[in-house]
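Laboratory data are not the source of any read-out in this text; all were calculated from the coordinates shown. Keep in mind it's a predicted model, so treat the numbers as computed, not measured. Counting neighbours? That spans all protein chains shown, and the Cβs are built from the backbone with ideal geometry, glycine included.
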Amino acid sequence: MARFWKELIYLLLMQSFLLPLAFAKKGSEPLYTEPFDLAAGGTCLTRASQEGILFANPALLPLGGAWIRWFGIEMGTISDKDSASQGRKGLSGLDSTQIINQLFSRSLHLGQTFSLSFLNKNVGISAFDRIELDLEGSRYDASGLPAINLGVEAYAGGVLSAALQPVPWLSLGLTGKYIGLAEPDISLPIADPAAVQANIADPNALRQQVKYGLGTGADFGALFFAQGHTLDLSLALKLDDVGGTHLTGGADKIPQSAHVGLGLALHGNTSVLHLSLEHRDVLGVYEREPRFKKIYLGSRLMFRKLFGVAAGLYQGVPTFGIRSDLWFWKIGLTYYGREMGDYPGDKQRNLIMSYTTLGF
């Protein structure tokens, strides 16, 4: 399978300089979502895990008893549930032409995430990346000819957050970030095999065309909460990309967007059930993003701080995940769906993320 992916991606990317690259696929969700939060429907404004706090809502930093909230690394891999199981049986050993033919019957999706982070009750810092590739065959593209569609989402950078709790019922946080992104969306006509082979001979053209947009920006978060003996209520307000994040390299500016979240937690001494509902981009600055991609619903159950189960609704698709928390080593599995199209069921990808962390 490793040889298959290497050959396929090389074949497609070596041709991509023929067509223009497109930026600004990013929508209202964070650049990086911690995998257990993704299992909880992507909800993260009123509760987030580990380094996910810095990307979700820095106002969450002062909550909790521990002074050091997290220090460590997290690594995850993403694969398409359907194509991964079929690929092990039917795609290994195929040549490039046979692989492309397979793409007309099913899509392929894969990716990886990484973060290195330190968080305490008032300050947090993280370096991260997230890269996902989506490939799909189309028998008739805009010109009426067969094509392979390649979509890439590549995000990387660093964030630095600070937060304070001026009164018991309010927490405020601010995140500064330096990010790089590339979001090529490429249609590769394959009707002329001779032209395809000729284009592979010039890899330098690819390096000149695939460029990152780079920029600095800031996020602001506020959390209002009421804590009881067994019941907590919270309201989160978040501004992403305050004033807009300008990017170099010809990429579009990331607009300022506003989000609202509600949370309810039922807890004992060592276990907690958290329920959350979020509406992202409440002002509608991402006009082309459909509403069903802006509503998040999730739940998390942590048992004795050692084992977690999460479920939710993300982009109209149910999510589920489990996580085992040992002292220095954590492992987890998240099942979720992404809708790559404009309406539910249009181009749904059923994905599995496996991840591991080392830290405390």
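Looking only at the range 317-360, which residues have a backbone nitrogen under 15 Å from a spot 7 Å from the Cα of PHE114 in the C-beta direction?
Once the point is set 7 Å along Cα→Cβ of PHE114, 356-358 turn out to lie under 15 Å by backbone N, inside the range 317-360.
Given LYS294/LYS330; LYS121/LYS305; LYS81/LYS177; LYS177/LYS347; LYS238/LYS294, which pairs have Cα atoms separated by over 21 Å?
Correct reply: LYS294/LYS330; LYS81/LYS177; LYS177/LYS347.
What distance in nm separates the simple spin-label points at LEU273 and MET340, each placed 7 Å from Cα in the Cβ direction?
Result: 3.7 nm between the two label points.
So what is the relative contact order of the range 255-360, in percent, for Cα pairs below 8 Å that sit 6 or more residues apart?
17 percent
Please sort by residue number the trypsin sites (Lys or Arg not before Pro) in the range 308-357 whose DSSP state is loop and whose Cβ has at most 16 other Cβ atoms within 10 Å.
Those satisfying the criteria are LYS347.
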